[in-house]
Every structure is written in structure tokens, then in C-alpha cells.
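Beneath this line is the structure, given in C-alpha cells, with notes to follow.
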Amino acid sequence: MKIPFVDLKLQYQNYKSEIDKAIADVITDTAFVGGSGNKYVVNFESQFANYLGVKHVISVANGTDSLEILLEAYDIGTGDEVIVPALSWISSSESIGRCGAKPVFIDVSDDSLLIDISLIEKAITSTTKAIMPVHLYGNAVNMEEVMRIANKYNLKVIEDCAQSHGARFKDKLTGTYGHAASFSFYPGKNLGAYGDAGAIATNDDIIAAKCRMIANHGQKKKHDHIMEGRNSRMDGIHASILSVKLNYLDSWNLARNRVADYYANKLDTTKVMLPVKSNNVYHAFHLYVIRTDKRDLLKEYLSSHGIESAIHYPTALPFLAAYKHLQYNPEHFPIAFRETNRILSLPMYPELSHTQLEYITNIINNF
Ligand SMILES: *Cc1c(COP(=O)(O)O)cnc(C)c1O
């Protein structure tokens, strides 16, 4: 049996008529580009703001731009530091560096692989401006603790929700605790467009207006450029597709949780370590990440049985060539260093069938 890591084709087939109509509408209206009252983009923004329960959603071109634009809107730049976990996709730290600020990496905690909150206070200096928690794999960071520390030191909190659409800490969605949040709609994310797209969410009127301006060439209104901005707009086609798909996000996340429950019930825990389910968290299971000392062998073995798996991420951020100049060694981030050799992401998508799951778990248990 061949099992892909994600199956976007199957999702498209299941919603084909709705998606095709959404795309055709945009083409009929030639409403291609966001930024000047495009009704598909405006509609998705208000729909997503409503879903989150926030005042403003500003659509942008991708989830890396949304982080960068937010940092710029908060006037974070040269000489500033931003706290970020050692384990994430590079966008989290890249956006900080691109603004001229310094990413200050924090090791992850062994159980959740999320930022180790107990290490944050020690890393705060007089130049620290913000904390960027990342809800990695769709698991929610304890945002009450992060906000307590941020408020104590008067720091901004920008949540990286690229992997956590619909995930909750306690009764609140990720992306609604911090001063602002960044979302990615990269096709493979829990809520994905048919190309690159992203969004900013915030309750702050001033930051929202600033982000909107930065993302659209610094224009307050057409041809009224009050600053230099950039071109980072969401295309009409993506907005229209996302408006359809947002209606299904919660049911897809439930299906992802059912897949996770199946894995957790069936996998032999003497062979692999399961992802830790934290109290107070509704996990969005963007990724299902198991751990084993024989990771590379298991990955090979799965592949030889037709099962695709992936590694998120093979190298922790501080050890990437891009950060060589910071001269970190494994002792600085021992958990991230060790666990990046043990993590393996199993196939995870809402449409995984019982037969497929039975096959995957049997193969792993016979490893
Ligand atoms: C996907 C992702 C991003 C960036 O999103 P893009 O839309 O691909 O630019 C940022 N942070 C994390 C943690 C991600 O997984």
C-alpha cells in the first residue's frame, strides 16, 4: 500500500465543486489582487476575524511576510532582540533577522518540544523587545505563562500560528492571547490556499492599520504613500478558496484528532514515543511527531513499505549554516539538538482511512 505524507488531491476531490466555483467567481470578476477592496479578500478577512474572535485580520502574501510585517509594525529592528524557540521552521527566526534584530533562541522542553517557558526570563535583556512563541506541530504553548512574563517585562508577544489554526490553549484559540499573531496558508497547513498566502491577526487598531499599509506599498489610500512599504497582498483566488475551506477547518481538526487517537491507541510505545498530550490544550495536529533512537532506520523501513514520513525539522535553528556566526554548540540547546535526531512525522491528514491507519500502525509495530 502506498501512503503519502499528505493528500491534498483527495481533499480537492471531496470539495471540487465548491472550490471550482470559488476560483471561477474570482476569474469572472477579474478580482485577482488584494489590497484595494477586493471583495473576496475583504470577505475572507472578516470571516477569519470572526472565526478567531479578533478585531482585525490583515491578509498578506505568505506566513513569513506576516511575521516580518508585524515586527516592522512594532518598530523592532537593529539593536533589538526577540526571543524565539530553537525548534521551528526558519521563518520564525528569519523574520527577526530580516528586520535587523537578533533572534535569541530558547531550548525546547523535552515533553512538548515547544519553547521551554522556564528558560525565557533568564534570556531577557535590556534590548529584548518581544517574544515569539511558536505553536509547533499544532500544539498550543501555555500562553497564560508567556503573557505573564511578557507583561512583567513589558514585551510584545507575536504568536507564530502557522501550524496551529484552530488549536486552543484552555478555552481560547491560539493567536488570540498575544498582542498579534501570524498565520500561514501554505497549501499543506491545516488551512491551506492553492499557493502562498498568510495573515496577521490583532485587536490593536494602530498595529492593524500599520500592517495594512506596509503590506500595500505604504499606501493609506490609493496613491497616498505615506511610507515605503512592500508588495505583500493575498490573491483573490486564494481568499476565495480559503473562504470555502475555513468552513471545514474545525471538522478537519477533529478528524486529525481522531487520526492521532488511532495512532496513540495502536502504536507500540515500547518501540516509539508518542507526542505528549498536554492538559488544557486542544491540539490541531498539523503534524504527528513520534520519537525513536532508530529514527533513520524507521524512516527507511516505512519508505520500503510505501509509507511516506518526514522530519520537522532535521536541524534545530541555531545549528543551521545561516546562524553559524552565532557560534552555538549542542550544549546551548541540548534538547533541541538531541531530539532533532529522534523525531519523525507520520502521515497526518483528515482523510486518512481506517485501512491506511491499520496498515501504518501494523508496519511500525513490526519494526
Ligand atoms: C509554514 C511556517 C511559516 C511560514 O509560512 P509561509 O507561508 O510558508 O511563509 C512560519 N512559521 C512556521 C512555524 C511555519 O510552519
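If I filter the stretch 234-251 for residues that are within 21 Å of the chain's Cα centre (by Cα) and under 30 Å from residue 365 (Cα atoms), do I get at least one hit? Yes, that holds for at least one residue. Summed over the stretch 296-325, residues that are among the charged types (D, E, K, R) and either under 11 Å from residue 367 (Cβ atoms) or under 24 Å from the mean Cα position of the chain (by Cα) (or both) total 3.
Of all the numbered requirements in (1) among the charged types (D, E, K, R); (2) under 22 Å from the mean Cα position of the chain (by Cα); (3) not in a helix (DSSP H, G or I), residue 228 misses one, and that requirement is (2). Within the stretch 61-111, the set of residues being touching a Phe, Trp or Tyr at 6+ places or on another chain (Cβ under 9 Å), in a loop (DSSP other than H, G, I, E, B) and of a type in the set (A, V, I, L, M) comprises 86, 87, 90.
Scanning the stretch 129-171 for residues that are crowded, with 21+ Cβ neighbours inside 10 Å, among the aliphatic types (A, V, I, L, M) and touching an Asp or Glu at 6+ places or on another chain (Cβ under 7 Å) gives 132, 134. Within the stretch 46-62, the presence of at least one residue that is more than 16 Å from the ligand (Cβ to nearest atom), within 22 Å of residue 213 (Cα to Cα) and of a type in the set (Gly, Ala, Ser) is confirmed. Pairs are defined by a Cβ separation below 9 Å, a sequence spacing of at least 6 or placement on different chains, a first member in the stretch 297-325 that is touching a residue at least 60 places away in the same chain (Cβ under 8 Å), and a second member that is small (Gly, Ala, Ser) and in a loop (DSSP other than H, G, I, E, B); the pairs so defined are 298/309; 302/309; 313/88; 316/86; 316/88; 317/86; 317/88; 318/86. List pairs: first in the stretch 233-248 and hydroxyl-bearing (Ser, Thr, Tyr), second buried (at least 24 other Cβ atoms within 10 Å of the Cβ), Cβ under 8 Å, 6+ apart or cross-chain? Once the first residue is hydroxyl-bearing (Ser, Thr, Tyr) and sits in the stretch 233-248, its partners that are buried (at least 24 other Cβ atoms within 10 Å of the Cβ) give 240/40; 240/44; 243/40; 243/44. Which of the following residues is crowded, with 18+ Cβ neighbours inside 10 Å and more than 26 Å from residue 140 (Cα to Cα): 326, 298, 317? Of 326, 298, 317, the one residue that is crowded, with 18+ Cβ neighbours inside 10 Å and more than 26 Å from residue 140 (Cα to Cα) is 298. For the stretch 1-53, the candidate set comprises residues that are of a type in the set (Gly, Ala, Ser) and in a helix (DSSP H, G or I); within that set, the residue that is surrounded by the fewest Cβ atoms within 10 Å (Cβ to Cβ) is 17.
Checked against (1) farther than 27 Å from residue 284 by Cα; (2) more than 16 Å from the ligand (Cβ to nearest atom); (3) not β-branched (Val, Ile, Thr), residue 204 meets all criteria but (1).
Among the residues of the stretch 120-136, just one is small (Gly, Ala, Ser), more than 21 Å from the chain's Cα centre (by Cα) and closer than 17 Å to residue 86 by Cβ, namely 123.
For (1) more than 23 Å from residue 164 (Cα to Cα); (2) aromatic (Phe, Trp, Tyr); (3) within 16 Å of the ligand (Cβ to nearest atom), each residue gets a yes or a no:
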site: 66; (1), (2), (3): no, no, yes
site: 69; (1), (2), (3): no, no, yes
site: 76; (1), (2), (3): yes, no, no
site: 79; (1), (2), (3): yes, no, no
site: 86; (1), (2), (3): no, no, yes
site: 98; (1), (2), (3): yes, no, yes
site: 101; (1), (2), (3): yes, no, no
site: 109; (1), (2), (3): no, no, no
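A quick yes/no check of all residues on (1) surrounded by 24 or more Cβ atoms within 10 Å (Cβ to Cβ); (2) of a type in the set (A, V, I, L, M, F, W, C); (3) within 20 Å of residue 55 (Cβ to Cβ); (4) at pLDDT 95 or above:
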| residue | (1), (2), (3), (4) |
| --- | --- |
| 184 | yes, no, no, yes |
| 188 | no, no, no, yes |
| 197 | yes, yes, no, yes |
| 200 | yes, yes, yes, yes |
| 205 | no, no, yes, yes |
| 208 | no, yes, yes, yes |
| 220 | no, no, yes, no |
| 236 | yes, no, no, yes |
| 240 | yes, no, no, yes |
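Evaluation of residue 138 against the conditions (1) within 16 Å of the ligand (Cβ to nearest atom); (2) out of contact with any strand residue (DSSP E or B) (no Cβ under 6 Å at 6 or more places or on another chain); (3) within 25 Å of residue 210 (Cα to Cα) shows that the sole unmet condition is (3). Screening residue 367 against (1) in contact with a helix residue (DSSP H, G or I) (Cβ under 9 Å, 6 or more places away or on another chain); (2) surrounded by fewer than 17 Cβ atoms within 10 Å (Cβ to Cβ); (3) free of Cβ contacts under 8 Å to residues at least 24 places away in the same chain leaves a single unmet condition, (3).
The values are calculated or read from the model by the stated rules, or taken from the named source; none is laboratory data. Source: prediction; values computed, not measured. No Cβ is skipped: glycine too gets one built from the backbone with ideal geometry, and neighbour counts run over all protein chains shown.
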